[in-house]
1. Please work out, to two decimal places, the log10 of the ratio I(q)/I(0) at q = 0.04, 0.06, 0.08 Å⁻¹ from a Debye calculation in which every Cα of the protein assembly as shown carries one identical scatterer.
2. Using only the alpha-carbon atoms, how far is helix A:447-460 inclined from the longest principal axis of chain A? Give it as 0 to 90 degrees, nearest 10.
3. Let me know the Rg and Dmax you get for the range B:408-479 when you use only its Cα atoms, in Å.
4. In nm, what does the list of distances from B:LYS230 to its counterparts in the other copies look like, shortest first, when each label sits 7 Å along Cα to Cβ?
5. If one takes the longest principal axis of the Cα atoms in chain A, at what angle in degrees, from 0 to 90 and to the nearest 10, does the Cα axis of helix A:267-277 lie?
6. Using the structure shown, select from B:LYS193/B:LYS439; A:LYS365/B:LYS196; A:LYS219/B:LYS256; A:LYS230/B:LYS365; A:LYS196/B:LYS338; A:LYS104/B:LYS256 the pairs with a Cα to Cα distance greater than 26 angstrom.
7. Which three extents, in angstrom, do the Cα atoms of the range B:348-441 have along their principal axes, listed largest first?
8. Once you list every other residue whose beta carbon is under 10 Å from the beta carbon of A:THR420, what net charge do they have if Lys and Arg are +1 and Asp and Glu are -1?
There are 2 protein chains.
Amino acid sequence: MTPAKYSPVTERTVLDLAALVGKSNVAVDMEKRIAYSYDEVPRFSWDREYIAEAVVFPETTEHVSAVLEYANRNRIPVTPRGAGTGLSGGAVPFAGGIVLSFEKMRRILELDKKNLTITVEPGVVTAEITKTARQEGLLYAGDPCSGDASFVGGNVAENAGGNKVVKYGTTGNSVLALEAVLPDGTVTWFGGKRRKDATGYDFAHLIVGSEGTLAVVTKIILKLLPLPGKVVDLLVPFPDVASAIDFAPRIQSEGKVIPSSIEFMDGKSIRLAERFLNTVLPYDDAGAHLVIQLEGNDPNVLADDMERIGDLCLASGALEVFVADNKTTSDKLWKARKCLAEAIMAFYPKYSLEDLVVPTSEIPKLMAETTRLCGKYGIEEANFGHVGDGNMHVNLLFPEERPDWHDIIDALLDELYDFTASIGGTLSGEHGIGLKRQKYMCRVMDGAQMELIRRVKLAFDPNEILNPGKMISCPGRGE
Amino acid sequence: MTPAKYSPVTERTVLDLAALVGKSNVAVDMEKRIAYSYDEVPRFSWDREYIAEAVVFPETTEHVSAVLEYANRNRIPVTPRGAGTGLSGGAVPFAGGIVLSFEKMRRILELDKKNLTITVEPGVVTAEITKTARQEGLLYAGDPCSGDASFVGGNVAENAGGNKVVKYGTTGNSVLALEAVLPDGTVTWFGGKRRKDATGYDFAHLIVGSEGTLAVVTKIILKLLPLPGKVVDLLVPFPDVASAIDFAPRIQSEGKVIPSSIEFMDGKSIRLAERFLNTVLPYDDAGAHLVIQLEGNDPNVLADDMERIGDLCLASGALEVFVADNKTTSDKLWKARKCLAEAIMAFYPKYSLEDLVVPTSEIPKLMAETTRLCGKYGIEEANFGHVGDGNMHVNLLFPEERPDWHDIIDALLDELYDFTASIGGTLSGEHGIGLKRQKYMCRVMDGAQMELIRRVKLAFDPNEILNPGKMISCPGRGE
């Protein structure tokens with residue numbers, strides 16, 4: 001199964017790895033190998049099994065360096081892995097080899113209150129960072145929906161987005177510096193505790209979102225912000241998808257405020273959340289909900305903002321404006337929003353979770369085309385996402401098993417991706433390309449761009465040991 | 001003078017270029033060649049003359065593409081040039097060849113109110129973008145001190161900073177997409193009108209700050225924001241440099257607000273501005289001034305913020321808090337801050353304008369060391385800069401001509417750069433490396449990083465025709 005350019009993991013390899021990182025940090029039993037070979041993309045999405053030959057659990061940067069130096073010398077593929085919450089198959093060991101799991105590198109190394117930074121290892125759970133910062137009156141702005149489980153290293157690898165991108169940007173916007181191990185084992189730092197830097201190419205942010213294909217990140221310095229004094233969530237039901245979607249961009253342009261979140265859920269998604277959480281949500285018969293989060297230090301201003309945005313909603317066809325201004329109601333609302341991917345996985349035997357991003361003004365067209373295509377191919381849809389930044393999770397759902405589901409998905413995605421590209425959009429806003437979308441890269445990238453990706457990849461990783469088969473098809477694939 | 005790997009510009013070349021872009025868009029007279037061969041780094045900084053062999057003025061992307069394709073095929077160096085306001089020699093034609101001046105590509109192509117973007121050509125003056133956005137009630141957050149003259153293309157090439165970085169980030173934070181011409185003439189787009197993107201490597205932001213060494217930018221899509229309703233500037237004199245510098249980070253940590261600017265001027269700088277502008281500034285005998293800009297939509301909140309920050313200033317040793325809440329006083333204040341580089345150029349026969357950036361907490365150490373070194377080498381200093389983001393323009397000044405000034409600068413910078421690196425800082429926060437600082441790159445980059453810069457450069461520009469001699473020393477330098 002290993003492509004010819006790579007060497008297999010042998011008994012000798014396992015002994016060598018054990019000598020480098022300790023016996024207890026190397027696993028080769030089939031149960032572990034399988035457990036560490038998938039993320040949240042369901043196995044049925046792949047045409048064959050992709051199984052790690054060994055799982056290594058580094059405890060230090062030195063461990064990572066030693067493993068990479070060894071793997072590079074011996075041409076063994078290495079796939080870095082966070083918590084496995086990814087939605088693009090980014091951590092799937094396409095070419096076998098070693099999966100490098102970061103669960104043992106989970107220390108928060110420093111919170112620097114003077115420079116407003118936090119330094120962490122890649123295996124720290126995202127929510128731990130938020131919590132640690134909050135205890136010091138500071139905000140970590142990264143907020144992926146999977147933040148209670150995801151590792152920050154995975155957030156960096158995929159440039160994760162989430163619920164606060166409209167105001168604070170994606171994970172990359174919070175990254176100031178990375179300690180990274182290059183494929184030959186060299187340890188270096190890109191960036192620093194510096195708010196700006198015009199010294200050489202910006203490799204720190206090239207590595208962010210590179211899906212573990214260029215270098216392996218071992219420490220991360222993140223920017224923190226003053227914690228807003230008060231946060232309010234508005235849940236706003238609309239009669240139909242179109243009225244909610246049309247309204248969303250007006251929050252900024254006419255409401256004269258940059259909310260920290262503008263989230264969208266269609267009616268199907270609302271009812272999925274109710275079923276999954278076994279709860280009742282307000283206006284659950286609405287065509288769509290927006291969740292609008294406002295932040296501020298002054299309660300009066302926040303109240304004014306809330307009233308202005310609320311009035312704008314009601315004047316634009318909203319059925320109601322619910323204010324969640326305490327932790328209980330706010331938690332309930334966000335639990336509903338954040339459970340949606342899980343809910344789909346629980347209730348549908350076959351599905352494809354998409355991550356399209358378009359200019360915000362084009363969201364209505366994207367929604368209309370999605371509905372048209374789902375009608376054409378006779379499948380269900382449930383759509384939700386970060387409408388404030390043009391990122392829509394279009395979800396293609398099969399309520400029942402059917403043998404041709406994969407062909408239908410392929411045919412539908414062919415049309416949907418081409419349409420997305422035609423309106424200035426692209427394949428992924430925050431989940432990444434990984435294994436799931438690499439065959440579609442040529443739909444949105446021209447030949448020159450594909451060639452540049454290939455060349456930059458080789459500039460960092462000449463032997464192509466790092467996460468082969470991701471982002472663009474790899475030469476070792478047997479093509 | 002042309003390094004061996006490159007071909008000289010001949011009469012034939014000039015005829016060919018004229019055929020590609022029109023005769024009136026090619027200049028070879030010595031006056032023009034010299035005029036387009038310098039930026040704001042004074043000629044006396046270089047050990048020899050660097051003169052373009054031809055200056056080309058493209059009017060369209062097609063012109064740029066044709067010139068690059070020709071130059072690449074014939075191994076003629078090409079140095080892209082904005083308005084020549086750069087402070088690192090980035091636009092100096094180190095290896096001769098063609099200077100590509102963008103003054104004729106100065107159209108604002110679109111202001112998209114739905115997506116809050118503006119699309120411009122690289123020759124648009126930065127202030128024109130600010131003005132155009134403002135007329136539509138929108139903010140373009142890029143605000144370099146040279147914005148009234150600089151071209152936005154140059155801002156992108158150097159990842160220019162300026163006065164609003166502490167809140168809005170550098171030019172790169174406003175860049176959504178670039179149309180770029182690769183050295184072989186291929187025209188492509190990196191990014192799009194998308195607020196996020198996890199589709200392939202982030203080449204758009206790799207090109208930002210790459211000093212014209214990877215590709216030539218021909219169109220830029222910039223992000224706009226809602227215009228804040230009201231802006232207030234505070235001018236805060238302090239008795240000495242240390243008290244101003246120590247106080248600056250507390251504006252955010254204790255003041256619980258992110259100002260749009262936190263600028264610093266030492267006493268020498270204040271008096272330089274007075275002399276240059278022939279004016280009197282308040283508290284001109286103070287040891288240092290801070291300029292703090294606050295923005296907001298609600299006048300009451302802004303008044304509260306202002307009072308809170310003002311009280312904090314006074315409790316921390318400030319001599320006074322002047323409020324500039326109208327255009328006249330605000331303009332006067334910013335004119336003083338923005339004229340400083342020019343003032344130095346006017347009054348000192350020899351100088352070096354530096355652009356150090358350190359973790360904000362280390363600014364006091366940097367200032368103390370600067371003063372120590374200037375004392376040791378017997379020269380003057382005037383320091384000002386963007387203290388809110390740790391970026392200090394340390395300026396080394398010779399009040400009189402002296403033959404050994406260059407040796408003194410070299411010896412002082414040797415020590416100063418090493419010290420800066422030792423406290424987590426680096427060579428440049430916003431001016432770039434260019435020709436001025438490339439020999440110091442190895443002080444802040446290890447061998448692996450230098451090698452990666454070289455490889456990525458070659459991945460984009462295998463024949464090294466784009467802006468040779470910048471950022472890292474070029475193989476054609478005769479070394």
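1. Results for the protein assembly as shown at q = 0.04, 0.06, 0.08 Å⁻¹ read -0.18, -0.42, -0.77.
2. It is inclined by approximately 50 degrees.
3. 13.2, 38
4. Listed shortest first, these distances are 1.9 nm.
5. Between the helix axis and the principal axis of chain A, the angle is about 70 degrees.
6. B:LYS193/B:LYS439; A:LYS219/B:LYS256; A:LYS230/B:LYS365; A:LYS104/B:LYS256
7. Between the extreme Cα coordinates on each principal axis of the range B:348-441 lie 36, 26, 21 Å.
8. Local charge sum for A:THR420: -3.
Computed from the coordinates by the stated procedures, all read-outs in this text should not be read as laboratory data. It should be emphasised that the depicted structure is a prediction, and the values quoted were computed from it without experimental measurement. Note that we place each Cβ from the backbone using ideal geometry, even for glycine, and neighbour counts take in every protein chain shown.
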